[in-house]
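*Asks:* The structure under discussion is supplied below as structure tokens; questions concerning it will follow.
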């Protein structure tokens, strides 16, 4: 589970609720019709904007933000360096047995192509296409939440206008203006909250996950090409280490030295 996502949402919600309680009652900020306008309207507009299968898959996209099981770049480098050492000593065919224990389908599939003798250019083209299509699929999930972040404040304003119209119909009763205005403004509050605490942060988290996954796959592709070319294992490791940020690279090298 990605604790950052959970902690962020819980902490943000707790701070908002705490601020509300310091200034009054939490019940004053609960209004079911306003919630229906913002949440229902935003989801309906998103449904219009995207095909039904994509919309129904939104829960799977949300799950990725909370339950992401990303492959570690450092572990991938260690695996590929080990493959390079085996291939250098015993040949590519010796890797067939080791691949059975590899869970990463992209790595396993790419190495199988190399073992089967496919040329570098075709491996590069095939796996690069897979990386590109993966990025496109992930981007659609990100875009869906970005669109919802646009729709939520708009429907919040729409709910406010509805509330103001209903309030002005009863303008002859001054005592109803204050409560009516408060309810009208709640939809704007809900729209802003949904956009800035839920939709935009989730879109950003999914983008980060996608970029990390893409980096690991690009690293994997370079490693597979280097192994098939018969590069020295140390050269393979050094080449793959360039994909890591300097701070992480230094930590891996220090760990290896220790």
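Read-outs throughout are calculated quantities, based only on the coordinates presented, and are distinct from any laboratory measurement. This structure is a prediction, so every number in the text was calculated from the model and none was measured. Note that we place each Cβ from the backbone using ideal geometry, even for glycine, and neighbour counts take in every protein chain shown.
*Asks:* So, in nm, how far is label residue 67 from label residue 90 when the simple model puts each one 7 Å beyond its Cα toward the Cβ?
*Replies:* 3.7
*Asks:* Right, another one. Measure nothing but the geometry: give the 0 to 90° angle between the long axis through the Cα atoms of 246-257 and the longest principal axis through the Cα atoms of the chain, rounded to 10°.
*Replies:* Around 40 degrees separate the two axes.
*Asks:* Calculate, in nm to one decimal, what residue 20 and residue 113 gain on full extension: separation in residues at 0.36 nm each, minus their alpha carbon distance.
*Replies:* Numbers: separation 93, 0.36 × 93 = 33.48 nm, distance 5.92 nm.
In short, 27.6 nm is gained.
*Asks:* With each run of n ≥ 4 DSSP H residues scored as -39500 (n - 2.57), what mean residue ellipticity at 222 nm is computed for the chain after dividing by its residue count and rounding to the nearest 500 deg cm²/dmol?
*Replies:* Counting only the DSSP helices, I get -25000 deg cm²/dmol.
*Asks:* Here is a further query. If contacts are Cα pairs under 8 angstrom and at least 6 residues apart, what is the relative contact order of the range 30-167 in percent?
*Replies:* Details: 50 pairs, mean separation 63.1, N = 138.
It comes to 46 percent, rounded to a whole number.
*Asks:* Provide the gained length on full extension for the span residue 130 to residue 154, in nm with one decimal, where the gain is 0.36 nm per separating residue minus the Cα-Cα distance. Walk me through the numbers before you get to the answer.
*Replies:* Working: separation 24, 0.36 × 24 = 8.64 nm, distance 3.70 nm.
Computed gain between residue 130 and residue 154 is 4.9 nm.
*Asks:* Right, next: Listing 111, 43, 67 from the residue with the fewest other Cβ atoms within 10 Å to the one with the most, what is the order? Don't skip to the answer; put the middle values down first.
*Replies:* Numbers: 111 27, 43 16, 67 10.
Ranked by crowding around the Cβ, least crowded first: 67, 43, 111.
*Asks:* Okay, next question. Relative to the longest principal axis of the chain, what angle (0 to 90°, nearest 10) does the C-alpha long axis of helix 200-228 take?
*Replies:* Once rounded, one gets 10 degrees.
*Asks:* Sticking with this one: Could you rank the peptides 12-25, 78-91 by their average count of other C-beta atoms within 10 Å per residue, with the highest value first? Mind dumping the intermediate values first?
*Replies:* Values: 12-25: 10.6, 78-91: 17.4.
Packing order, densest peptide first, comes out as 78-91, 12-25.
*Asks:* Remind me, relative contact order of the chain in percent, using alpha carbon pairs under 8 angstrom and six or more residues apart? Please report the intermediate quantities before stating the final value.
*Replies:* Details: 245 pairs, mean separation 81.0, N = 258.
Relative contact order of the chain: 31 percent.
*Asks:* Return one number: the angle in degrees, 0 to 90 and rounded to the nearest 10, between the long axis of the Cα atoms of helix 105-115 and the longest principal axis of the Cα atoms of the chain.
*Replies:* 20
*Asks:* Say R0 is 51 Å: what FRET efficiency, to the nearest 0.05, do residue 232 and residue 56 get from their beta-carbon distance?
*Replies:* Working: r = 50 Å, r/R0 = 0.97.
The value I calculate is 0.55.
*Asks:* Just subtract the alpha-carbon distance of residue 170 and residue 137 from 0.36 nm times their residue separation and send over the number in nm, one decimal.
*Replies:* On the way: separation 33, 0.36 × 33 = 11.88 nm, distance 5.03 nm.
Extending this stretch completely gives an extra 6.8 nm.
*Asks:* Compute the FRET efficiency between residue 100 and residue 36 as 1/(1 + (r/R0)^6), taking r as their Cβ-Cβ distance and R0 = 41 Å, and round to the nearest 0.05. Show your work: numbers first, answer last.
*Replies:* Values: r = 53 Å, r/R0 = 1.29.
Computed FRET efficiency for residue 100 and residue 36 comes out at 0.20.
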